[in-house]
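> I'd like to ask some things about the structure below.
The values are calculated or read from the model by the stated rules, or taken from the named source; none is laboratory data. Values in this document were obtained by computation on a predicted structure and should not be read as measured data. Neighbour counts run over all protein chains shown; Cβ positions are idealised from the backbone, glycine included. We work out accessible area using only protein heavy atoms, side chains counted, and drop any ligands, DNA or RNA first. Shrake-Rupley method; radii C 1.70, N 1.55, O 1.52, S 1.80 Å.
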Amino acid sequence: QVQLVESGGGLVQAGGSLRLSCAASGLTFSNYAMGWFRQAPGKGRELIVAISGSGNSTYHENSVKGRFTISRDNEKNSVYLQMNSLRPEDTAVYYCAATRTFLAFTAQRYDYWGQGTQVTVSS
């Protein structure tokens with residue numbers, strides 16, 4: 001049974017930082033690319049960052065480039081999202097997800113999902 005468990009969300013002031021973690025189990029982790037999505041109230045789920053199974057390739061959506069960094073540790077079966085210079089518009093539920101595709105950019109291509117963790121950025 002595949003499980004993805006996010007942690008690290010919370011309330012932070014604008015300009016602050018948070019580090020999200022996602023621990024995976026029940027799959028051969030290095031065979032899966034990982035993505036972080038977010039969903040704000042009343043909006044769809046959007047991919048913001050992704051990383052290949054080896055960690056050698058990454059994708060960062062324009063609005064988070066230079067502020068957010070995705071990384072992974074295949075020995076720990078974990079993926080991380082370092083978020084710096086947070087803005088109120090970053091407020092959302094953040095989800096990690098796994099895909100067998102090399103790098104996938106749509107939610108439909110992801111096979112497994114975590115339960116989500118709330119990030120709230122106050123102004």
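> Which one of these is of a type in the set (Asp, Glu) and either open to solvent by 40 Å² or more (accessible area, probe 1.4 Å) or more than 15 Å from the chain's Cα centre (by Cα) (or both): 6, 46?
Exactly one of 6, 46 is of a type in the set (Asp, Glu) and either open to solvent by 40 Å² or more (accessible area, probe 1.4 Å) or more than 15 Å from the chain's Cα centre (by Cα) (or both), namely 46.
> Looking at (1) outside any strand (DSSP E or B); (2) out of contact with any helix residue (DSSP H, G or I) (no Cβ under 7 Å at 6 or more places or on another chain), which is the one condition that is false for residue 94?
Condition not satisfied by residue 94: (1).
> If I go through the range 97-118 residue by residue, how many of them are β-branched (Val, Ile, Thr), outside any loop (DSSP other than H, G, I, E, B) and either more than 16 Å from residue 30 (Cβ to Cβ) or under 10 Å from the mean Cα position of the chain (by Cα) (or both)?
1
> Something else about it: May I ask you to list pairs of residues, at least six apart or on different chains, whose Cβ atoms are under 9 Å apart, with the first in the range 102-115 being closer than 15 Å to residue 23 by Cα and the second being assigned to a loop (DSSP other than H, G, I, E, B) and not small (Gly, Ala, Ser)?
112/2; 112/27; 112/32
> Next up: If I filter the range 54-65 down to residues being of a type outside the set (Lys, Arg) and assigned to a loop (DSSP other than H, G, I, E, B), which single residue comes out as most open to solvent (accessible area, probe 1.4 Å)?
56
> Same structure, new question: Out of (1) of a type in the set (Phe, Trp, Tyr); (2) touching a His at 6+ places or on another chain (Cβ under 8 Å); (3) open to solvent by 30 Å² or more (accessible area, probe 1.4 Å), what's the single condition that is false for residue 68?
Failed condition: (3).
> When you check residue 79 against the structure, is it farther than 23 Å from residue 52 by Cβ, β-branched (Val, Ile, Thr) and not in a loop (DSSP other than H, G, I, E, B), yes or no?
So residue 79 fails the test.
> Right, next: Could you please find all residues in the range 21-53 being touching a helix residue (DSSP H, G or I) at 6+ places or on another chain (Cβ under 7 Å) and assigned to a loop (DSSP other than H, G, I, E, B)?
Across the range 21-53, the qualifying residues are 45, 53.
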